[in-house]
Structures are given as structure tokens and as C-alpha cells.
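Asks: Sending over a structure as C-alpha cells; questions will come in a sec.
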Amino acid sequence: MVISQKLDQFYTQNNLDKNGGEDNDYFMMKFRLFSLKLPNSEFRKKVVYIHDIEHVLFDCDVSWKGEAYIAGWEIATGMWKHFPIGIMSLWAMGFGLFTHPKDVLNGYKKGLNYTGLIDRKIPKNEIMNLTLEEVDHLLLKNETQTFNSLTFGLWSLVSIIIMTFPLLLVAILGFVFL
């Protein structure tokens, strides 16, 4: 089965819109007690399929546990270089460290030995006709990378700062203007 077919299954199994909502003006971030409706930027629309392929490749659903794994994987592969989507990956990693830290760590360790799909710059129509095994082989690095806890700690700190920044900003502004 090729990627396009696997993605269709993934979208159906996870109650997602066709093409992961890539054509929608907004997307939803669901939390336990509430959801946020966020603008679906042009850049996000262009790359959401890459994120979804990662979910399929590593058999991760769209729960926060699955997102935590994928966020760790993306940061290890260098997704952080691709602004603004890299900020979203860092934010998700920070949130994942509070909700599913083992999954972030496992995704990060796995990602050390992969090249990010976004960095391969393979046209969408070509990647959609590959199998999961072909994509896995295409992204797997030739040389095994070792885990460095200091580097992971640094990325963890950066991701937590990015995740908490909006809250810190509100607190600071509230303190200044009260």
C-alpha cells in the first residue's frame, strides 16, 4: 500500500478532514478540557502532509501521546530549522514533556537516526506513490547517531520556554499593567 492510501486510512481512523484539513482555513488543537481554533497558515497547509506521514510511518495516532513522540522525532531530525512550523514542533515537544515525557524521549532517540522528510525536498506527488518501507529506507541515515543527554536537555529547555512563553508574557503584562 502506498503513502496516499495509508494517509487516507489514517485520516479516517483519526476522524480528520480529507488531506488532514490542508485546505481548511483553521485547524483545531484539542486539549482535555477545551479546544483552540487556530489559523491554518499557508506554510502549514504546504507541509501538514509531511507531519501526517510521520504519524503513519511510526504508527502514532493524533492523541497527545502520539504528538509527543512525533514532536521529539521532528526536533531530533532538525524540523526546528523550518520556521514557523519548527516553532510548532518545539511547542508540542514542550507540552509533551509535561504530558508524555517518555514518548518525547523515545521519538527524539528514534529521530536521531533519520533525516526529516521536509529536508529531503521530495515532491508531494512522488512521496505519495512510495510505500512506508520505501519512505523509511529513504529517511534512515547511513550512520547510527548516539543519544546525548545534554543535547536532549537543551532542546527540552528550549521547548519548555517556547511552550510557556505565551503564559509568561500574559503574566508579565498583567503584573506591569495592574
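Asks: Report the calculated FRET efficiency for Phe147 and Lys81 (r = Cβ-Cβ distance, R0 = 25 Å), to the nearest 0.05.
Replies: 0.80
Asks: Continuing with the same structure: Using θ = phi - 60° and the Karplus form 6.51 cos²θ - 1.76 cosθ + 1.60, what ³J(HN,Hα) does each residue of the range 27-41 get, whole Hz, x for Gly and Pro?
Replies: 9, 10, 10, 9, 10, 4, 9, 7, 10, 10, 9, 10, x, 8, 4
Asks: To make sure I understand the rule: partners must be lysines, Cα under 20 Å from the Cα of Lys46, and not fewer than 8 residues away in the same chain. Which ones qualify?
Replies: Lys6, Lys18, Lys37, Lys81, Lys121, Lys124
Asks: So between Glu133 and Asp25, what do we pick up on full extension, going 0.36 nm a residue minus the alpha carbon distance?
Replies: Net length gain for the segment: 35.6 nm.
Asks: At 0.36 nm per residue, minus the direct Cα-Cα distance, what do Phe175 and Val2 gain on full extension? Give it in nm, one decimal, please.
Replies: Contour length minus the Cα-Cα distance gives 56.9 nm.
Asks: Work out how far the C-alpha atoms of the chain reach from end to end along every principal axis, then list the three figures in whole Å, largest first.
Replies: Largest to smallest, the principal-axis extents are 59, 39, 26 Å.
Asks: Let me check against my output: what whole-number percent is the relative contact order of the range 36-178, with C-alpha pairs under 8 Å and at least 6 apart?
Replies: Normalised by residue count, the contact order of the range 36-178 is 25 percent.
Asks: Could you pull the Rg and Dmax for the range 34-92, using just the Cα atoms, both in Å?
Replies: For the range 34-92, the Cα-based Rg and Dmax read 11.2, 31 Å.
None of the figures in this text is laboratory data; all of them are computed from the coordinates on show. Only a predicted model underlies this, so the values are computations on that prediction, with no experimental measurement involved. When we count neighbours, we look across all protein chains shown, and the Cβ atoms used for this are built from the backbone with ideal geometry, even at glycine.
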